[in-house]
Amino acid sequence: MRTRRFLAAAASAAALASTVLLAPAATADAGMGTAPRSPKATTVVLNPELVPVLVNTLDVRALAPARLTAPGGMPQVSFPITSIGQGVIGHVGGLDFTPIGGGDLRLTNFDINLGTGLLDAKAQLNGKRLQGRVDLFALGPVQPINGSVPSCTGTPAGLTLTPAAAAALGAPSFAGAFIGDACVVAGN
C-alpha cells in the first residue's frame with residue numbers, strides 16, 4: 001500500500017509537470033512571444049504556482065523528444081504527437097521526476113483519451129514498469145494564467161489533477177487542482 005501511495009504521488013507530480021511543460025503552441029500573453037511550434041504536438045503552459053514544486057522539490061526533467069522551455073518566462077512542455085485514432089491522441093517523450101523521499105519516476109507515452117476526457121501515461125518507478133496506464137489529468141475548460149487564457153492555434157483544454165492521482169499523492173484535497181492549459185496541434 002505504501003509503495004502504491006508513493007507511486008500515485010509521484011504520478012500526480014509528474015502529471016502536474018507534464019501539463020506545465022506541454023506549451024510550445026501556446027503563450028500566456030501575446031507580448032511574451034511564443035515557443036517554437038511543432039506541426040503535431042501538445043504543449044502545456046504550466047500554472048506558475050506549481051513551478052517551484054516541480055523544479056525545486058521534484059527536479060522534473062523532460063525526456064526526449066519532449067522539450068521543457070520557458071519562452072517569455074512562461075514554463076511549458078511540448079510532446080510530439082505520434083498517432084491520432086479512435087478518439088486517442090498518442091505522444092512520445094515524457095517526464096522524469098525525483099519523488100519526495102528519493103527514487104526515480106518516469107512518465108512516458110502520454111495519451112489524451114477524448115472518450116474518457118483523461119490524459120494518462122505509462123509509468124516506471126525506480127526502473128520497474130508499472131502495469132497498465134496511470135490517469136493523471138482530467139480535460140476541462142481552459143483557465144487564465146497570469147491574468148489571461150493562453151492563446152492556442154489548435155484545440156485548447158485545461159488540465160486538472162484526477163482524484164486518483166491526488167489520492168496517490170496522499171493529498172485527496174488536491175483533486176481538481178489546476179495544472180495548466182494544454183494546446184493540441186494535431187495537423188500542419
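The values are calculated or read from the model by the stated rules, or taken from the named source; none is laboratory data. Not measured: the values here are computed from a predicted model. Because the Cβ atoms are built from the backbone with ideal geometry, glycine has one as well, and the counts that use them run over all protein chains shown.
Just a yes or no: is a residue in the stretch 28-40 modelled with pLDDT under 85, touching a Gly at 6+ places or on another chain (Cβ under 6 Å) and not small (Gly, Ala, Ser)? Yes, because at least one residue in the stretch 28-40 is modelled with pLDDT under 85, touching a Gly at 6+ places or on another chain (Cβ under 6 Å) and not small (Gly, Ala, Ser).
Gly158 passes every criterion in (1) closer than 22 Å to Ala64 by Cβ; (2) surrounded by 15 or more Cβ atoms within 10 Å (Cβ to Cβ) apart from (1). Residues of the stretch 66-80 that are surrounded by 21 or more Cβ atoms within 10 Å (Cβ to Cβ) and not in a strand (DSSP E or B): Ala66, Met74, Pro75.
Yes/no per residue for (1) crowded, with 19+ Cβ neighbours inside 10 Å; (2) in contact with a helix residue (DSSP H, G or I) (Cβ under 7 Å, 6 or more places away or on another chain); (3) not in a loop (DSSP other than H, G, I, E, B); (4) not small (Gly, Ala, Ser):
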| position | (1), (2), (3), (4) |
| --- | --- |
| Thr82 | no, no, yes, yes |
| Gln124 | no, no, yes, yes |
| Ala165 | yes, yes, yes, no |
| Gly176 | no, no, no, no |
| Val184 | yes, no, yes, yes |
| Gly187 | no, no, no, no |
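Filtering the stretch 126-151 to residues that are over 19 Å from Thr108 (Cβ atoms), buried (at least 16 other Cβ atoms within 10 Å of the Cβ) and under 16 Å from the mean Cα position of the chain (by Cα) leaves Ala138, Leu139, Val142, Ile145, Pro150. When Thr116 is tested against (1) among the hydroxyl-bearing types (Ser, Thr, Tyr); (2) under 25 Å from Pro48 (Cβ atoms); (3) at pLDDT 95 or above; (4) over 15 Å from the mean Cα position of the chain (by Cα), just one condition goes unmet, and that condition is (2). Among residues that are farther than 22 Å from Thr153 by Cα, part of a strand (DSSP E or B), at pLDDT below 90 and not polar (S, T, N, Q), Ala62 is not included.
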